[in-house]
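The values are calculated or read from the model by the stated rules, or taken from the named source; none is laboratory data. These numbers come from a predicted model, not from an experiment. Cβ placement follows ideal geometry from the backbone for every residue including glycine, while neighbour counts extend to all protein chains displayed.
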Amino acid sequence: MKILELKNLHKIYDEKTIPVHAVNDVNLAFEQGEFTVIVGPSGSGKTTLLNIIGGLDKPTKGDVLIDNENLNSFNSKKLTLFRLRNIGFVFQAYNLIPVLTAKENIEFIMQLQGIPKSERNKRSLELLDEVELSEKAKVRPAKLSGGQQQRIAVARALASMPKFILADEPTANLDSKSAENLLQIMEKLNRDKNMTFIFSTHDARVVKKAKRVITLEDGKVVSDVISAS
Amino acid sequence: MLSAVAIGIFAGVFSTGFYLGMADMRFKTAIKTEFSHIRIQQKQFQAEPSIGLFVDGSQNILNQLKKIPEIEGASGRLTCEAMAETAHGNLGVKLTGVEPEDEKKVSDIHEKLIEGNYFTGKKGRIPQIIVGSGLAEDLKLKLKSKLKITLTDINGNVNARLYKVSGIYKSNNTTYDKLNVFVVRDEFLEQSALSDNVSHLIAVYLKQGADAELVATQLRKTYPELEVLTWRNISKELALMADQMNQLMYIFLVIIMLALCFGIINTMLMAVLERKRELGMLMAVGMSKFRVFRMIILESVYLSLTGGVAGIIIGFASIKYFEKHPLKVDMFSGFEMYGYPKEVATILPSESLVSMTIMVIFLGILSAIYPALKAIRYNPAETIRDE
């Protein structure tokens, strides 16, 4: 089932002075349950593309369709609400709230969605279990390793029950063991829950696990390979 | 942030209490020692006090005044300019003749004695006189010292008389202490050759100072031939001070609160800048701009309230302490000349605490608006990658 479609997507920075074509005529479609990696050298437009898919940036031209809803037609308020209900984010620098515990970091996104406390409590404990950090529920981010923080970030992204998760260089700050552990959890979530993951990365370990690899160069899709497995 | 708010509020509360205490003591001294609430006298007496400008039949007026329920006490005073002389020098003074028991109800000079007693009632060979500490110092007077008082009597004759110092008082006004000496009314009458049942002025002390104008209006109707003055008419400076006391307190508070306001803006701006990535993440994952705005405002209000309440409690506790143990302020010793006390008992009306708390909350909200607007202008796509 097609959940996301990018049509004739362009993003040009500094249009009036020295135009930079960060995304150049990208046409892509993503199915439910994909484990897709977007690769490419620095400046190839990976992050810009991810920001546009996530509704954090607007394309100069073209359409982003999620479940046949065009993000371009949304105003800022509607876009924020759409992100809250449909998209999970995992950032390179984890971006957990330092004053909240691991469990509270997962819960707060459900609080934004207006989910009742008992439900929030139940789901955050389940998610902690899924990312294998149940024992760290009451620990603050500063006391967690980078890998553990990123697993909490994944749990937070899942908490809102999104249509897909966008992960921008999620393993960039992790050692190989933590990265491997994180990827195994993500693979498991993809396999067991049919959760869609779209990564932007340089990391060969992530690419190795991907079912589909999209390569960008100068904002253009130069290859789109679906793994046989 | 918390301690900055607490210290700022404490400084505001305490300095307001200190200022009000100082003004209140000046006010009390002026009314109780110098002016009283109302004076009744001959119409030209205020402008040109003369021994011949007296109120005839003052005892009858006093008897009538004592029947008015708003009046605490009334005292007929005789007063004129005189010369005080000892072997060490001579100085011009204002001699006042009083009926001691009546005078105690309108003036607190008897409570300000630092040596000796207020008129003992024993009529000795040499009549008694009460002098101020300033005059005693200048003329080297001690208890039982002899003091020659010379005045021009009602008949125009220069009349000198010897008095014995029976008490030395010290008010909060050094100028007043140097100028005013008191004798028993009968002695004044004898020396000035005035007949009985006259007074130069009748001092009236009220149960409630706020009734002054009301009672004065009533008395003006009763004694149209006389001049009835309230303390406001007598001392413009004091009236101005009373009128401006609250306004000055609020101006003072506003200045402190403004400083506090800039402190909060600065701190909240720093907080917003430091938490740029966190705020960007919140907006990226779906927190609305309104919620981010509200969060910053609420943080500022909580911080201001916590710090503010701590500052108000500490400030109020200090004010209560220094109300009972007046604060010695030697640096203000020069102001004694103008009637300001050297020791200040701080005071603060409880309604000021309410207004201060409201102001702190209001400023907490106001000061956070700019940082909150700055926060919601962040672009989440840029800030989440910000190092």
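The table for this structure:
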| item | result |
| --- | --- |
| From the options B:Ile365, B:Ile376, B:Ile361, residue that is at pLDDT 85 or above and closer than 12 Å to B:Val301 by Cβ | B:Ile365 |
| Number of the condition not met by B:Tyr163 [criteria: (1) within 30 Å of B:Phe27 (Cβ to Cβ); (2) in a strand (DSSP E or B)] | (1) |
| Elements of type helices (runs of 4 or more DSSP H) contained in segment B:207-284, each with 3 or more residues being in contact with a helix residue (DSSP H, G or I) (Cβ under 9 Å, 6 or more places away or on another chain), over 30 Å from B:Asp56 (Cα atoms) and without any contact (Cβ under 8 Å) to a residue 24 or more places away in the chain | B:236-274 |
| Output for segment A:51-71, where each listed residue is more than 12 Å from A:Leu9 (Cβ to Cβ), within 12 Å of another protein chain (Cβ to nearest Cβ) and either assigned to a helix (DSSP H, G or I) or in contact (Cβ under 8 Å) with a residue 60 or more places away in the chain (or both) | A:Gly54 |
| Test: residue in segment A:79-89 that is among the charged types (D, E, K, R) and either surrounded by fewer than 18 Cβ atoms within 10 Å (Cβ to Cβ) or more than 14 Å from chain B (Cβ to nearest Cβ) (or both) | yes |
| Qualifying helices (runs of 4 or more DSSP H) (wholly inside segment B:1-110; at least 3 residues being among the small types (Gly, Ala, Ser)) | B:2-28 |
| Among (1) over 13 Å from A:Glu5 (Cβ atoms); (2) in contact with a helix residue (DSSP H, G or I) (Cβ under 9 Å, 6 or more places away or on another chain); (3) surrounded by fewer than 21 Cβ atoms within 10 Å (Cβ to Cβ) - the single one A:His21 does not satisfy | (2) |
| Flag for A:Ala157 being surrounded by 23 or more Cβ atoms within 10 Å (Cβ to Cβ) and part of a helix (DSSP H, G or I) | yes |
| Filtered residue count, segment B:350-378, keeping only those that are within 14 Å of chain A (Cβ to nearest Cβ) and in contact with a Leu (Cβ under 8 Å, 6 or more places away or on another chain) | 1 |
| Residues (of a type in the set (Gly, Ala, Ser) and closer than 18 Å to A:Ala22 by Cα) located in segment A:209-229 | A:Gly219, A:Ser223 |
| Of residues in segment B:119-137 being touching a strand residue (DSSP E or B) at 6+ places or on another chain (Cβ under 6 Å) and surrounded by fewer than 20 Cβ atoms within 10 Å (Cβ to Cβ), the one farthest from B:Val183 (Cα to Cα) | B:Ser133 |
| Selected residue (only one of A:Leu133, A:Leu100 is within 12 Å of chain B (Cβ to nearest Cβ) and out of contact with any strand residue (DSSP E or B) (no Cβ under 9 Å at 6 or more places or on another chain)) | A:Leu100 |
